[in-house]
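No value in this document is a laboratory result; all are computed from the given coordinates. Predicted model only: the values in this text are computed from it and were never measured. Using ideal geometry, Cβ is built from the backbone for each residue, glycine included, and neighbour counts are taken over all protein chains shown.
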Amino acid sequence: MSLCEQKQTSSGYSQPLVNDDLLAFVTSANLTGYALDRNMELGLLVRGGEVPRLLAAQFDGLIGRGVVLPVVR
């Protein structure tokens, strides 16, 4: 199955956390106490390089258009 065919027949989701242009965490995990205690999840932490910068730029664009809202704590 080619990548294009796979995209049409599969689904998934990710929950990216972008700290800044230098650090990004992409996971399928629900970041709640219950989920972290009871589920086995996998995530990818990326420090430096192009990926955190590209993710930050993507979210800046989505925030700028009002598609998503930033979470600020």
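Hey, can you rank 24-31, 36-43 by average C-beta count inside 10 Å, highest first? Mind showing how you got there, number by number?
Details: 24-31: 15.6, 36-43: 9.8.
Those peptides, ordered most packed to least, come out 24-31, 36-43.
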Could you tell me how many cubic angstrom of Cα convex hull volume segment 13-64 has per residue? 83 Å³
Grab the other residues whose beta carbon is less than 13 angstrom from that of Ala29, score K and R as +1, D and E as -1, and report the net. -1
Order these by the 10 Å Cβ neighbour count, fewest first: Val67, Val51, Val72. Val72, Val67, Val51
